[in-house]
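Asker: Following this message is one structure expressed as structure tokens.
The values are calculated or read from the model by the stated rules, or taken from the named source; none is laboratory data. These numbers come from a predicted model, not from an experiment. In this analysis, Cβ positions are derived from the backbone assuming ideal geometry, glycine residues included, and neighbour counts consider all displayed protein chains. SASA here: full protein model, heavy atoms, side chains in, ligands and nucleic acids out. Shrake-Rupley method; radii C 1.70, N 1.55, O 1.52, S 1.80 Å.
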Amino acid sequence: MAVEPTYTSEKVCPICENKFPATITRSRLTMTSQDSDFCTYYKELNPSYYAIWVCPHCGYAAMDTYFHEQNAVAVEKIRAFLQGRKVNINFGGIRTRDQAIATYKLAIFYADMVNSLKSRMGALYLRLAWLYREGQQAAEEQAALDKAREHYEQAMLRERTPIGNMSQFTLEYLIGELLRRTGKLDQALSYMGKVAGDPLAKNEYKIWKMAKESWQQIREAKKQLQEAEKVAAE
């Protein structure tokens, strides 16, 4: 008998303290490929669809890994905002891409309200960008990637690494990759060069190799751009 890729688990909302069923993806999913900004594709389903838990009673939303972690000040701020508001949302069960996108927008709204860690904001925007990529919504993807990069750059200045599962080199590589994907080639080249040129980065060989390859690709892209501009000017 095949095991379903999702299951339901009862959770308690830290804001309204009501119980609700959350849809959770099983950890054993079959990875099929991965993009250069770590967007990962799976055979069974996209776990990013279910990474945001949303309370159907009050509307609070956050990433599953820190859904219950709000401090007392943040909880009171969210409660004050929600007081007297009627909520009629339910993202339980199987989600569509559009529903998944809506959950990330909700999570970003609440994270921004309580001045969440910049790294968490970056992760929310990055996953949102991946959903837009899946739906071939290029303009929305670009905007979300740029927001993710902006927050990750601030996180690098304010937070200690490792951030989540990212080392300093991984974070620098990711920022460089997000810059490359949004057309900021000079800045991207700087970040990639920093990782590719650091002997210590070779201890994280996969990241070092990816940075080196990306650095070469960016240099080639810049060269082609300059040649095209030269031809256009003639």
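Asker: Find all pairs meeting these conditions: Cβ atoms under 6 angstrom apart; at least six residues apart or on different chains; first residue within the range 159-185 and closer than 15 Å to residue 207 by Cβ and among the acidic types (Asp, Glu); second residue open to solvent by 50 Å² or more (accessible area, probe 1.4 Å) and part of a helix (DSSP H, G or I).
Answerer: Close Cβ pairs satisfying both conditions: 172/194.
Asker: Would you call residue 114 under 30 Å from residue 162 (Cβ atoms), β-branched (Val, Ile, Thr) and surrounded by fewer than 15 Cβ atoms within 10 Å (Cβ to Cβ)?
Answerer: Answer is no for this residue.
Asker: While we're here: Quick check on my filter: what residues within the range 77-91 are farther than 22 Å from residue 21 by Cα and either basic (Lys, Arg) or more than 26 Å from the chain's Cα centre (by Cα) (or both)?
Answerer: 77, 80, 83, 84 - these are the residues of the range 77-91 that are farther than 22 Å from residue 21 by Cα and either basic (Lys, Arg) or more than 26 Å from the chain's Cα centre (by Cα) (or both).
Asker: Here's a follow-up. Residues to consider are 168, 154, 142; find the one that is at pLDDT 95 or above, surrounded by fewer than 16 Cβ atoms within 10 Å (Cβ to Cβ) and touching a helix residue (DSSP H, G or I) at 6+ places or on another chain (Cβ under 9 Å).
Answerer: 154 is the lone residue from the list that is at pLDDT 95 or above, surrounded by fewer than 16 Cβ atoms within 10 Å (Cβ to Cβ) and touching a helix residue (DSSP H, G or I) at 6+ places or on another chain (Cβ under 9 Å).
Asker: Using the structure shown, decide if residue 15 is assigned to a loop (DSSP other than H, G, I, E, B), surrounded by 14 or more Cβ atoms within 10 Å (Cβ to Cβ) and either in contact (Cβ under 8 Å) with a residue 24 or more places away in the chain or at negative phi (or both).
Answerer: Spelling it out, residue 15 is indeed assigned to a loop (DSSP other than H, G, I, E, B), surrounded by 14 or more Cβ atoms within 10 Å (Cβ to Cβ) and either in contact (Cβ under 8 Å) with a residue 24 or more places away in the chain or at negative phi (or both).
Asker: For the range 94-101, check the following and say yes or no: at least one residue is surrounded by 17 or more Cβ atoms within 10 Å (Cβ to Cβ) and among the hydroxyl-bearing types (Ser, Thr, Tyr).
Answerer: No.
Asker: If I go through the range 186-215 residue by residue, how many of them are free of Cβ contacts under 8 Å to residues at least 60 places away in the same chain, polar (S, T, N, Q) and in contact with a helix residue (DSSP H, G or I) (Cβ under 8 Å, 6 or more places away or on another chain)?
Answerer: 2
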